[in-house]
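The values are calculated or read from the model by the stated rules, or taken from the named source; none is laboratory data. Just so we're clear, the structure is a prediction, and the values are computed from it rather than from any experiment. Reconstructed Cβ throughout: ideal geometry from the backbone, glycine too, with neighbour counts over all protein chains shown.
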Amino acid sequence: MKAFIFPGQGSQYCGMAKDIFQQFTGARHLMEEANDILGYSITDIMFNGAEDILRQTRYTQPAIFLHSIAISRLLDDNQAVITAGHSLGEYTALCHAGAMSFEDALRIVSKRGELMQHAGTENPGTMAAIIGMKKDALEALLAEAGLSGTVQTANFNSLGQVVISGDITAVRKAVEIAPSMGARMAKELVVSGAFHSPLMKPAEEELKAALDEITFTNAKIPVCMNVVAKPVMNADEIRNNLVLQLTSSVLWAQSVEAMIAGGATSFIEIGPQKVLQGLVKRIDRSSSTEGIDTAEQVERYLSKKEEQS
């Protein structure tokens with residue numbers, strides 16, 4: 001059983017989707033439409049922008065969404081029976097599943113990026129990767145570091161690989177003491193804010209207002225959503241979960257496990273890089289993984305699909 005999965009922030013790279021724009025007319029039209037909707041050339045930032053510009057959250061999020069959804073449209077594959085996305089990628093998954101239109105998804109992703117970037121300025125924070133800690137030790141780590149400020153688990157990426165998020169002092173305290181508490185590695189990440197933590201609270205009310213203006217429909221295929229780690233199709237549940245996602249942990253490992261329990265055996269990452277493929281393999285080595293990022297990979301997938309039909 002096939003699952004489509006969509007990457008989140010951090011997977012961007014300079015020149016992303018340029019070959020897809022050049023090679024596929026449908027993708028080019030979709031990307032040009034995105035420029036019109038946004039009122040600026042996101043494609044110029046994707047294809048030619050400096051890394052420090054592309055790394056800005058307000059540009060990163062629409063860029064990754066556009067790269068991923070353009071490929072999704074090219075594949076025109078209805079064999080995937082479930083989908084999911086990591087944080088930002090959840091919006092791509094929902095658009096792929098027909099729960100929101102392309103225009104609405106792009107607008108809300110752009111708004112989300114702006115709000116998160118602003119919240120990161122208003123409430124400065126940071127994030128860190130913690131590798132190799134058992135659950136009890138991680139809880140003890142967060143409790144001790146939490147004496148210095150707000151800190152919580154932001155992403156459960158795979159077994160033994162989590163990302164924490166919160167106040168700079170608290171996160172750095174966690175990084176400092178983690179090795180002595182059993183962590184194999186603890187490293188602060190280069191981010192513009194404490195994503196998926198209470199420090200994103202300033203963005204929550206505006207995001208909810210923006211989501212309330214969007215028309216959601218029931219998804220055509222289940223979307224395993226970040227905050228509940230279970231398949232969701234109901235439009236009202238989808239809207240509510242997207243609001244909660246901003247300040248809640250991304251239950252990615254649990255979501256992959258839920259998809260596997262539901263019968264998923266093949267995971268296809270659609271969009272830039274191959275982060276999610278690596279995470280899936282760490283969660284379940286028996287699952288097959290594939291990535292579709294470049295024009296060449298799109299062509300290969302379409303050729304294989306044609307041979308099988």
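If I ask for residues that are part of a helix (DSSP H, G or I) and closer than 20 Å to Asp19 by Cβ, which ones from segment 36-52 would you list?
Of everything in segment 36-52, those that are part of a helix (DSSP H, G or I) and closer than 20 Å to Asp19 by Cβ turn out to be Ile42, Thr43, Asp44, Ile45, Met46, Phe47, Asn48, Glu51.
Restricting to segment 234-243, count the residues that are in contact (Cβ under 8 Å) with a residue 40 or more places away in the chain and over 16 Å from the mean Cα position of the chain (by Cα).
Going residue by residue through segment 234-243, those that are in contact (Cβ under 8 Å) with a residue 40 or more places away in the chain are 235, 238, 242.
Subset that is over 16 Å from the mean Cα position of the chain (by Cα): 235.
The total comes to 1.
Out of the residues in segment 239-250 meeting the condition of being touching a strand residue (DSSP E or B) at 6+ places or on another chain (Cβ under 6 Å) and surrounded by 21 or more Cβ atoms within 10 Å (Cβ to Cβ), tell me which one is nearest to Leu279 (Cα to Cα).
Among those that are touching a strand residue (DSSP E or B) at 6+ places or on another chain (Cβ under 6 Å) and surrounded by 21 or more Cβ atoms within 10 Å (Cβ to Cβ), it is Val250.
Return the only residue of Gly49, Gly39 being farther than 22 Å from Glu269 by Cα, without any contact (Cβ under 8 Å) to a residue 12 or more places away in the chain and surrounded by fewer than 24 Cβ atoms within 10 Å (Cβ to Cβ).
Gly39
Do you know which of the residues in segment 278-298 that are in contact (Cβ under 8 Å) with a residue 24 or more places away in the chain and within 21 Å of Gly15 (Cβ to Cβ) is surrounded by the fewest Cβ atoms within 10 Å (Cβ to Cβ)?
Step by step, filter segment 278-298, then rank; the result is Glu296.
Within segment 191-229, work out how many residues are among the basic types (Lys, Arg) and either buried (at least 17 other Cβ atoms within 10 Å of the Cβ) or part of a loop (DSSP other than H, G, I, E, B) (or both).
Residues flagged as among the basic types (Lys, Arg) and either buried (at least 17 other Cβ atoms within 10 Å of the Cβ) or part of a loop (DSSP other than H, G, I, E, B) (or both) within segment 191-229 amount to 1.
Quick one: Ser248 ticks every box in (1) modelled with pLDDT of 95 or more; (2) over 27 Å from Lys135 (Cα atoms) except a single one, so which number is it?
Among (1) modelled with pLDDT of 95 or more; (2) over 27 Å from Lys135 (Cα atoms), the lone unmet condition for Ser248 is (2).
Looking only at helices (runs of 4 or more DSSP H) that fall completely inside segment 65-151, which ones have 1 or more residues that are out of contact with any Leu (no Cβ under 9 Å at 6 or more places or on another chain) and surrounded by fewer than 24 Cβ atoms within 10 Å (Cβ to Cβ)?
Helices (runs of 4 or more DSSP H) meeting the threshold: 102-122, 135-145.
When you scan segment 168-190, how many residues do you find that are of a type in the set (Val, Ile, Thr), within 27 Å of Glu122 (Cα to Cα) and part of a helix (DSSP H, G or I)? Before you say what the answer is, go through the steps one by one.
Applying the first criterion (of a type in the set (Val, Ile, Thr)) to segment 168-190 yields 168-169, 171, 175, 177, 190.
Retained after the next criterion (residues that are within 27 Å of Glu122 (Cα to Cα)): 168-169, 171, 175, 190.
In the following step, the residues that additionally are part of a helix (DSSP H, G or I) were identified as 168-169, 171, 175.
Within segment 168-190, residues that are of a type in the set (Val, Ile, Thr), within 27 Å of Glu122 (Cα to Cα) and part of a helix (DSSP H, G or I) number 4.
May I ask you to say which residue of Ala258, Ala295 is over 17 Å from the mean Cα position of the chain (by Cα), outside the structural domain of Asp167 (by TED's automatic domain parsing) and farther than 23 Å from Ile71 by Cα?
Just one listed residue meets the conditions, Ala258.
Would a scan of segment 256-264 turn up a residue that is within 27 Å of Leu211 (Cβ to Cβ), assigned to a loop (DSSP other than H, G, I, E, B) and of a type in the set (Val, Ile, Thr)?
Taking every residue of segment 256-264 in turn, none turns out to be within 27 Å of Leu211 (Cβ to Cβ), assigned to a loop (DSSP other than H, G, I, E, B) and of a type in the set (Val, Ile, Thr).
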